[in-house]
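S.K.: Below is a structure I'd like to ask you about.
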Amino acid sequence: MKWLIIVIGVTCLFSKDVFAQENADDAKEVFLSEKCQRCHSISAINIDVTGQKVVSDLSAVGSRHTGEWLVMYMKREVAIDGKKHIKNLKTSGANIEKLAHWLATLKRK
């Protein structure tokens, strides 16, 4: 019985990591498909800015904001220094939430 509990625990930990990686991959795809890299880099995972305007590197955005706050910012419901997010995202609310919660995990400075 003890071994069964250990096996189940290890399996749950592994599947959580797999699930987290799949969500990260999906969120990264949203980031790229919405062309966020035109203004934002994420140097921690080697995403470079492709446009001429560099707004910010998002490698540590999760150290400053929660996923919930980032959802509101991307939906243009809140502002930073009086400025709302410049782009009105065309993707679904579910994709915005996926993207925001992934960005909130980025904490490297």
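Here is a yes/no grid of residues against (1) of a type in the set (A, V, I, L, M, F, W, C); (2) within 16 Å of residue 104 (Cβ to Cβ); (3) modelled with pLDDT under 95:
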position: 35; (1), (2), (3): no, no, yes
position: 38; (1), (2), (3): no, no, yes
position: 43; (1), (2), (3): no, no, yes
position: 48; (1), (2), (3): no, no, yes
position: 51; (1), (2), (3): no, no, yes
position: 54; (1), (2), (3): yes, no, yes
position: 69; (1), (2), (3): yes, yes, no
position: 73; (1), (2), (3): no, yes, no
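S.K.: Next question. Residues to consider are 46, 23; find the one that is in contact with a Phe, Trp or Tyr (Cβ under 8 Å, 6 or more places away or on another chain) and polar (S, T, N, Q). Spell out how you get there, then give the answer.
M.R.: Numbers: 46 fails: in contact with a Phe, Trp or Tyr (Cβ under 8 Å, 6 or more places away or on another chain).
None of the other options fit; the residue is 23.
S.K.: Pairs needed: first member in segment 65-84, under 15 Å from residue 98 (Cβ atoms); second member anywhere, among the acidic types (Asp, Glu) and surrounded by 14 or more Cβ atoms within 10 Å (Cβ to Cβ); C-beta distance under 7 Å; at least 6 residues apart or different chains.
M.R.: What qualifies is 71/97.
S.K.: So is residue 10 part of a helix (DSSP H, G or I) and modelled with pLDDT under 80 or not? Reasoning before the result, please.
M.R.: Numbers: part of a helix (DSSP H, G or I): yes; modelled with pLDDT under 80: yes.
For residue 10, the condition - part of a helix (DSSP H, G or I) and modelled with pLDDT under 80 - is met.
S.K.: Sticking with this structure for a sec: Restricted to segment 31-70, and to residues that are aliphatic (A, V, I, L, M) and either farther than 25 Å from residue 93 by Cβ or in contact with a Lys or Arg (Cβ under 6 Å, 6 or more places away or on another chain) (or both), which residue is surrounded by the most Cβ atoms within 10 Å (Cβ to Cβ)? If you could, list the steps in order and put the result at the bottom.
M.R.: Taking segment 31-70 first, the residues aliphatic (A, V, I, L, M) are 32, 42, 44-45, 47, 49, 54-55, 58, 60-61, 70.
Now narrow it down to the ones that are either farther than 25 Å from residue 93 by Cβ or in contact with a Lys or Arg (Cβ under 6 Å, 6 or more places away or on another chain) (or both): 44, 49, 54, 60.
On the way: 44: 14, 49: 18, 54: 12, 60: 15.
For segment 31-70, the residue satisfying everything is 49.
S.K.: Then there's this: Quick test of your reading of the structure: residue 85 fulfils all but one of (1) surrounded by 13 or more Cβ atoms within 10 Å (Cβ to Cβ); (2) in contact with a helix residue (DSSP H, G or I) (Cβ under 7 Å, 6 or more places away or on another chain); (3) farther than 19 Å from residue 38 by Cα. Name the failing condition by number.
M.R.: Tallying (1) surrounded by 13 or more Cβ atoms within 10 Å (Cβ to Cβ); (2) in contact with a helix residue (DSSP H, G or I) (Cβ under 7 Å, 6 or more places away or on another chain); (3) farther than 19 Å from residue 38 by Cα, residue 85 fails exactly one: (3).
The values are calculated or read from the model by the stated rules, or taken from the named source; none is laboratory data. Being a predicted model, the structure only gives us computed values, none of them experimental. Note: ideal-geometry Cβ built from the backbone for every residue, glycine included; neighbour counts use all protein chains shown.
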